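Participant: Can you keep this structure in mind? I'll have questions shortly.
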Amino acid sequence: MAAMSPVADLPSRLDVLDVAAIRAEFPIFERCRRRPLVYLDSAASSQKPRAVIQAMAGYYESCHANVHRGVYALAEEATSRYEQARAAVGRFIHAPSTREVVFTKNATEALNLVAFAWGRANLGRGDVVVLTEMEHHANLVPWLMVAEQVGVELRYLGITDEGHLDLSRLEATLEGAKVVALTAMSNVLGTLNPVRRVADAAHDAGAVVVVDASQYVPHLPTDVTALGADFLAFTGHKMLGPTGIGVLWGREAVLEAMPPFLGGGEMIRDVRLDGYTPNELPWKFEAGTPPIAEAVGLAAAIEVLDGIGMDAVRAHEMALTGYALGALDARFGSDLVVHGPRTPGDRGGVLSFGFKDVHPHDVAQVLDESGICVRAGHHCAKPLLRRLGVSATTRASWYLYNDESDVEALAQALDACSDLFCL
Amino acid sequence: MSGLEDLYREIILDHYRNPRNRGELACPPARRAEGFNPLCGDEIVVYLDVDAQGRVSDVKIAGQGCSISQSSASMMSAAVKGRTLDEVRALNRAFKALMTIHESRLEHDEGDGSGTDTPVPDPAVDLGDLAALQGVVRFPVRIKCATLAWNTLTTGLEELAPSA
């Protein structure tokens, strides 16, 4: 496990990033409706730097055409920008080949692609699919749908009271499994899961490993091979990129052996009245006109993240998480109950909590009055919330543009919440 | 905090902290209806006893959720108890009118919260404490919280004889 430490050399430090300089690159922080914006909802969607907004506008202004279709120079340029974006994504996650990088609409579509295209071709009645109790609905419902259609058996890895995956019965649970699908980082608990350990055990059991890395890729250095994944899904809009583009990375041999998911233009090599021949990788999985400007925007986001360094992003977030856990605990003690691991090294910058007996909707409403954006609700992880014994939580999540002042604003607004609701 | 004070009026917080008619009724004879807000997990259970004269002889509320959904349910229970079914339906309509969003109003939402263009419910219907919930209209995502109890009540009423 120590070999998989997310940050090798850089210590967890709050001065590792120049947050003021970073914030200056995000136009939205100029917004001030009564109060300055305190954005603590990056786990839902990150804000966008000027470079991303300008890259997309620049693409539309100077070189838009459909990709992989026209013979004219403009279309060549558009195709080249689109394929350069794919290469940038591949480098960012250390994909062995660019052919393994499939653009989708979002992480949800990427996970559905695996469940339906791979699942329907490879799963039969009685086959075992192993999921975890902390999955986002996006990595849960597609498998429930496949289970309904094909009749597979679903098994779950549970969680411990501290919010870690319970691996005490890992080998027994994996016995006979054909798929293991798990999140690399919980969007509710922040837990960083031991993906490599689970993947190794899953491979020993003969299963394919599907990793939902939606909360992981934006925040930690990612190496798909080191993680031991066969498939890995994430989305652009949580990593400074635009909405409307996601990524499915898959091991080349596995993708080659799979049937396509959606049918249409681009994904075919030949179509006859009685059949079709699918295109080669990765276009076999990209039916229809893809999100071209969004790919360009995602590439610009990756350039920003690379410029800062993912090690530094992780070090900053880990330090801020440690600061927040300490500051909130010192201020509120047992009045504020944090779900998930207490050790910053075990978690990402996502903090779900209960505050006194104030309902998360009310907490979020009062925080909004102070210009603070947090998420309140079940975070698309209802089975996990049931396991935690709560119907909703308040969730604050941070990124490279947040610092201690945001945590301080949160704490102050929680005081206001206390004044309003607690006698 | 003017916006918040508009939402969380003292009477609302009072109903939240000291919910009226909290509990359950034996079913049958009482009717039971459940309502959920899938977005946030709020949950309301309404128990309704209607006597032979078509009057709500007793009502109880169970469930859990935010201050708006729970206080709205508490106020509703107090408002409908002892009323005829027709009166309850009229109250329901009046409350829904109160909760109607007028787009013009939302566009002017940046103001000081004086709310002069609040939609006006039927003046013949006295909403009592429920009128305090009118501030919710300024917070569109919370309207579903406020109307949850009423939608649940409607479900319960639909199972009874339809209104003449």
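Participant: Within the stretch B:21-42, identify whether any single residue is more than 9 Å from chain A (Cβ to nearest Cβ), within 14 Å of the chain's Cα centre (by Cα) and assigned to a loop (DSSP other than H, G, I, E, B), and answer yes or no.
Facilitator: Scanning the stretch B:21-42, I find at least one residue that is more than 9 Å from chain A (Cβ to nearest Cβ), within 14 Å of the chain's Cα centre (by Cα) and assigned to a loop (DSSP other than H, G, I, E, B), so the answer is yes.
Participant: Continuing with this model, one more query. Kindly indicate the residue of the stretch A:135-159 that is in a helix (DSSP H, G or I) and over 23 Å from the mean Cα position of the chain (by Cα) and also nearest to A:Ala233 (Cα to Cα) among those meeting that condition.
Facilitator: Here is the first cut: in the stretch A:135-159, the residues in a helix (DSSP H, G or I) are A:137-139, A:141-150.
Narrowing the set further to residues that are over 23 Å from the mean Cα position of the chain (by Cα) leaves A:147-150.
Numbers: A:Ala147: 20, A:Glu148: 23, A:Gln149: 23, A:Val150: 23 Å.
Per the criteria, the residue is A:Ala147.
Participant: Filter the stretch A:379-397 for residues that are open to solvent by less than 20 Å² (accessible area, probe 1.4 Å) and touching a Pro at 6+ places or on another chain (Cβ under 9 Å) and give the result.
Facilitator: Step one: list which residues in the stretch A:379-397 are open to solvent by less than 20 Å² (accessible area, probe 1.4 Å), which gives A:379, A:381, A:384-385, A:392-397.
Across the stretch A:379-397, the qualifying residues are A:Ala392, A:Thr393, A:Thr394, A:Arg395.
Participant: While we're here: How many of the residues making up the stretch A:167-191 are free of Cβ contacts under 8 Å to residues at least 60 places away in the same chain and either open to solvent by less than 10 Å² (accessible area, probe 1.4 Å) or touching a strand residue (DSSP E or B) at 6+ places or on another chain (Cβ under 9 Å) (or both)? It would help to see each step written out before you state the result.
Facilitator: If we filter the stretch A:167-191 for residues that are free of Cβ contacts under 8 Å to residues at least 60 places away in the same chain, which is where we start, we get A:167-178, A:180, A:182-184.
Narrowing the set further to residues that are either open to solvent by less than 10 Å² (accessible area, probe 1.4 Å) or touching a strand residue (DSSP E or B) at 6+ places or on another chain (Cβ under 9 Å) (or both) leaves A:167, A:169-170, A:173-178, A:180, A:182-184.
So the count comes out to 13.
Per-residue answers, yes or no, for (1) touching a strand residue (DSSP E or B) at 6+ places or on another chain (Cβ under 9 Å); (2) buried (at least 21 other Cβ atoms within 10 Å of the Cβ); (3) assigned by TED's automatic domain parsing to the domain that holds A:His378; (4) over 20 Å from A:Pro218 (Cβ atoms):
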| residue | (1), (2), (3), (4) |
| --- | --- |
| A:Thr98 | no, no, no, yes |
| A:Val101 | yes, yes, no, no |
| A:Thr104 | yes, yes, no, no |
| A:Ala110 | yes, yes, no, no |
| A:Ala117 | no, no, no, yes |
| A:Val128 | yes, no, no, yes |
| A:Met134 | yes, yes, no, no |
| A:Leu140 | yes, yes, no, yes |
| A:Trp143 | yes, yes, no, yes |
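Participant: Checking the condition closer than 30 Å to A:Pro290 by Cα and either of a type outside the set (Phe, Trp, Tyr) or part of a helix (DSSP H, G or I) (or both), which residue from A:Glu171, A:Glu109, A:Glu162 passes?
Facilitator: Numbers: A:Glu171 fails: closer than 30 Å to A:Pro290 by Cα; A:Glu162 fails: closer than 30 Å to A:Pro290 by Cα.
Exactly one of A:Glu171, A:Glu109, A:Glu162 is closer than 30 Å to A:Pro290 by Cα and either of a type outside the set (Phe, Trp, Tyr) or part of a helix (DSSP H, G or I) (or both), namely A:Glu109.
Participant: Continuing with this model, one more query. How many of the residues in the stretch A:266-299 are of a type outside the set (Val, Ile, Thr), open to solvent by less than 40 Å² (accessible area, probe 1.4 Å) and under 19 Å from A:Leu248 (Cβ atoms)? Talk me through it step by step, then tell me what you get.
Facilitator: Restricting attention to the stretch A:266-299, the residues satisfying the condition of being of a type outside the set (Val, Ile, Thr) are A:266-267, A:269-270, A:272-276, A:278-288, A:290-291, A:293-295, A:297-299.
Next cut, open to solvent by less than 40 Å² (accessible area, probe 1.4 Å) only: A:266-267, A:275, A:279, A:281-282, A:284-288, A:290-291, A:293, A:295, A:297-299.
Checking the rest, the ones that are also under 19 Å from A:Leu248 (Cβ atoms) come to A:266-267, A:279, A:281-282, A:284-288, A:290-291, A:295, A:297-299.
Count: 16.
Participant: Here's something else I'd like to know. As an exercise: evaluate A:Val67 against (1) under 23 Å from the mean Cα position of the chain (by Cα); (2) buried (at least 22 other Cβ atoms within 10 Å of the Cβ) and give the number of the one condition it does not meet.
Facilitator: Against the list (1) under 23 Å from the mean Cα position of the chain (by Cα); (2) buried (at least 22 other Cβ atoms within 10 Å of the Cβ), A:Val67 comes up short only on (1).
Participant: Can you confirm whether the stretch A:325-340 contains a residue that is within 20 Å of A:Arg35 (Cα to Cα) and open to solvent by less than 20 Å² (accessible area, probe 1.4 Å)? Give the steps one after another, and end with the answer.
Facilitator: Step one: of the stretch A:325-340, the residues within 20 Å of A:Arg35 (Cα to Cα) are none.
Scanning the stretch A:325-340 turns up no residue that is within 20 Å of A:Arg35 (Cα to Cα) and open to solvent by less than 20 Å² (accessible area, probe 1.4 Å).
Participant: Taking into account only those residues within the stretch A:344-358 that are touching a helix residue (DSSP H, G or I) at 6+ places or on another chain (Cβ under 6 Å) and farther than 17 Å from A:Ala324 by Cβ, which is nearest to the other protein chains (Cβ to nearest Cβ)?
Facilitator: Top of the filtered list is A:Val358.
Yes or no, residue by residue, for (1) within 11 Å of chain B (Cβ to nearest Cβ); (2) outside any strand (DSSP E or B); (3) within 29 Å of A:Ala301 (Cβ to Cβ); (4) over 26 Å from the mean Cα position of the chain (by Cα):
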position	(1), (2), (3), (4)
A:Gly322	no, yes, yes, no
A:Gly333	no, yes, no, yes
A:Arg342	no, yes, no, no
A:Asp368	yes, yes, yes, no
A:Arg386	yes, yes, no, no
A:Tyr401	no, yes, yes, no
A:Asp406	no, yes, yes, no
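Participant: How many residues are crowded, with 19+ Cβ neighbours inside 10 Å and modelled with pLDDT of 90 or more when one looks only at the stretch B:34-44?
Facilitator: If we filter the stretch B:34-44 for residues that are crowded, with 19+ Cβ neighbours inside 10 Å, which is where we start, we get B:35, B:37, B:40-42, B:44.
Those left that are additionally modelled with pLDDT of 90 or more: B:35, B:44.
So the count comes out to 2.
Participant: Show me the helices (runs of 4 or more DSSP H) found entirely inside the stretch B:76-164 where at least 2 residues are at pLDDT 85 or above and surrounded by 13 or more Cβ atoms within 10 Å (Cβ to Cβ). Give the steps one after another, and end with the answer.
Facilitator: Details: elements: B:85-98, B:103-107, B:140-158.
Per the criteria, B:85-98, B:140-158.
Participant: So, in the stretch B:48-71, of the ones that are open to solvent by less than 10 Å² (accessible area, probe 1.4 Å) and part of a strand (DSSP E or B), which residue ends up farthest from the other protein chains (Cβ to nearest Cβ)?
Facilitator: Checked the stretch B:48-71; the qualifying residue farthest from the other protein chains (Cβ to nearest Cβ) is B:Val56.
Participant: Looking at the stretch A:317-332, I want the residues that are more than 13 Å from A:Leu400 (Cβ to Cβ) and have a partner that is among the acidic types (Asp, Glu) with Cβ atoms under 6 Å, at least 6 apart or on another chain. Which pairs are those?
Facilitator: A:Tyr323/A:Glu404
Participant: What number of residues within the stretch A:206-241 are more than 19 Å from A:Thr132 (Cβ to Cβ) and either without any contact (Cβ under 8 Å) to a residue 24 or more places away in the chain or of a type in the set (Asp, Glu) (or both)?
Facilitator: Looking only at that region, the number is 1.
Participant: List the number of the failed condition for A:Ile302; all other conditions in (1) closer than 22 Å to A:Met56 by Cβ; (2) part of a helix (DSSP H, G or I); (3) open to solvent by 40 Å² or more (accessible area, probe 1.4 Å) hold.
Facilitator: For A:Ile302, the failing item is (3).
Participant: Return yes when A:Val374 is within 14 Å of chain B (Cβ to nearest Cβ) and within 23 Å of the chain's Cα centre (by Cα) and no when it is not. Walk me through it before giving the result.
Facilitator: Details: within 14 Å of chain B (Cβ to nearest Cβ): yes; within 23 Å of the chain's Cα centre (by Cα): yes.
Judged against the criteria, A:Val374 is a match.
Participant: Looking at (1) more than 14 Å from chain B (Cβ to nearest Cβ); (2) of a type in the set (D, E, K, R); (3) more than 22 Å from A:Pro36 (Cβ to Cβ), which one does A:Glu317 not meet, given that it meets all the others?
Facilitator: Against the list (1) more than 14 Å from chain B (Cβ to nearest Cβ); (2) of a type in the set (D, E, K, R); (3) more than 22 Å from A:Pro36 (Cβ to Cβ), A:Glu317 comes up short only on (3).
The values are calculated or read from the model by the stated rules, or taken from the named source; none is laboratory data. Computed from a predicted structure; not experimentally measured. Positions of Cβ are backbone-derived with ideal geometry, glycine not excepted, and every protein chain shown enters the neighbour counts. Keep in mind that these areas ignore ligands, DNA and RNA; they rest on the heavy atoms of the full protein, side chains included. Shrake-Rupley method; radii C 1.70, N 1.55, O 1.52, S 1.80 Å.
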